[in-house]
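The values are calculated or read from the model by the stated rules, or taken from the named source; none is laboratory data. Keep in mind that what you see is a predicted model, and the values were worked out from it rather than measured. Cβ sites come from the backbone with ideal geometry, for glycine too, and all protein chains shown count toward neighbours. All accessible areas refer to the heavy atoms of the entire protein, side chains included, with ligands and DNA or RNA removed. Shrake-Rupley method; radii C 1.70, N 1.55, O 1.52, S 1.80 Å.
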Amino acid sequence: MLPKHVIFRDQTCQRFTLAEIQSATQNFDEASVIGRGGFGMVYKCQNIGSMREVAVKRLHSMSNQGAHEFEAEVQVLSKLRHGNLVSLIGYCNEEKEMVLVYEFMPNGTLEDHLRKPDSSLSWLQRLKICVGAAQGLEYLHMGTSTQHGVIHRDVKTSNILLDANFVAKVSDFGLAKVGLMDRTHVSTAVKGTFGYMDPFYFNTGKLTIKSDVYAFGVVLFEVLSGKKAVDSTLDEHQWCLAAWAQHKIKEGKLNQIIDPRLNGQISKKCMKEFARIARYCLHTEPKQRPTMAEVVVKLESILSQETEIANSVVSEEGLIYKLRSIFTGKVGASIGSKSDFSMYHEYIRIEIDTTRGSNKDESFRTFTYAELASATNDFMEEVYTPTLYESIYKGWVDERTYDPTESGVGLAIYVRKIEILWKMVIKLKKLCACIFDVDWK
């Protein structure tokens, strides 16, 4: 229970009586529980004060630590108002009860969605959630309302809530520290969640806003991989997601990190940029980590790129969804022996010839998409990614017939697979009409 001398000044949240809380929760009915943890229970309630739906968190701990965290959360959230922070509506501190009343988040936590095997959370939705959570943390760090800044100290996927429109709201400010804008760090007892905790803070006891940045880097890798921050059911080298993900990137095996549910949704350029941001957030030296403002800018850029790509792809009812097939010829030298332009130039010429119904250059063969998929073992061995829309794969064909063969058998070929959106196709065809002096309508 809070000491009697504690008074919350300048608060914008309401103080409820215990009778009001008991009435709203049907005397803390187990049937209303929507969450539980070390802090206690969370109940979904109807009609308390002027609110129709709320979440009531009842702290069961009577220790001084529980009282301090309760006080910290009320003091911090009563001063903060932002679209990406959960709103504290009110609290109750009566008899031996410590209760917090929040706006209700119908879509639960980000952790819930990442853990569900059948989760339908798309890559674009995940990006928007990351941007929203990052904006909430940026607001905290910049001290917009407190004038001193706030370090959350417990950033994790279970503390990122989702409203009815999947807008991210950072929650749980029981460990938050206020008033650090005028200092480089504050020395304090180490608290937080294993797997998200900044190693620098853990080893030195020096807390900075970059400790939140580190934790957010772990969140980004969770979003990208769908894995837990710590999972002792996996092999020992995979227990800690932060260490495992960074190791895979150093090995050049970024693809092994990606959540299989996101296959086909992420462009390679954006995937690399996203992983790069996450890695920088996890830098061992806090000063080398980006600020949350920088993280927001980079994530917004990725979201903009991915949204543009998604919106540019024409539906199956349109003229072209994606140009999936690609010319390949007999390549005896290394892939770098031809300039990007010359290879692209050859591709364009075949595109023009095949659409006009005649292959004018007998030195080239036109392959079906199925043949190329077979020759490359379903585009398994990627050797180079020159641009956002292109990837080059190694394959094998018969030296005489050029029919697809097994890997390592026959003639090695390289297949450039290009995803060209419809807006680009028209421009390219008009350009080729000028280059090859052909009519195009």
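Taking the condition in contact with a Gly (Cβ under 6 Å, 6 or more places away or on another chain), modelled with pLDDT of 90 or more and either in a loop (DSSP other than H, G, I, E, B) or open to solvent by less than 70 Å² (accessible area, probe 1.4 Å) (or both), does ALA278 pass?
Working: in contact with a Gly (Cβ under 6 Å, 6 or more places away or on another chain): yes; modelled with pLDDT of 90 or more: yes; either in a loop (DSSP other than H, G, I, E, B) or open to solvent by less than 70 Å² (accessible area, probe 1.4 Å) (or both): yes.
In short, yes.
What do you reckon, is VAL74 at pLDDT 80 or above, farther than 24 Å from ILE151 by Cβ and under 34 Å from the mean Cα position of the chain (by Cα)? Before you say what the answer is, go through the steps one by one.
On the way: at pLDDT 80 or above: yes; farther than 24 Å from ILE151 by Cβ: no; under 34 Å from the mean Cα position of the chain (by Cα): yes.
No; evaluated as a whole, the condition is false for this residue.
Would you be able to tell me the number of residues in region 13-61 that are of a type in the set (Gly, Ala, Ser), part of a loop (DSSP other than H, G, I, E, B) and open to solvent by 80 Å² or more (accessible area, probe 1.4 Å)?
Taking region 13-61 first, the residues of a type in the set (Gly, Ala, Ser) are 19, 23-24, 31-32, 35, 37-38, 40, 49-50, 55, 61.
Then drop every residue that is not part of a loop (DSSP other than H, G, I, E, B), which leaves 38, 49-50, 61.
Imposing the further condition that a residue be open to solvent by 80 Å² or more (accessible area, probe 1.4 Å) reduces the set to 50.
Count: 1.
Between a first residue in region 262-291 that is farther than 13 Å from VAL218 by Cβ and of a type in the set (Asp, Glu) and a second residue that is part of a helix (DSSP H, G or I) and open to solvent by 20 Å² or more (accessible area, probe 1.4 Å), which pairs have beta carbons less than 8 Å apart while being 6 or more apart in sequence or on different chains?
Within 8 Å, the pairs are GLU273/LYS298; GLU273/SER301; GLU285/PHE200.
Please list, ordered by first then second residue, the pairs with beta carbon atoms under 7 Å, 6 or more apart or interchain, first in region 103-118 and closer than 16 Å to THR157 by Cα, second among the basic types (Lys, Arg).
Pairs found: MET105/LYS169.
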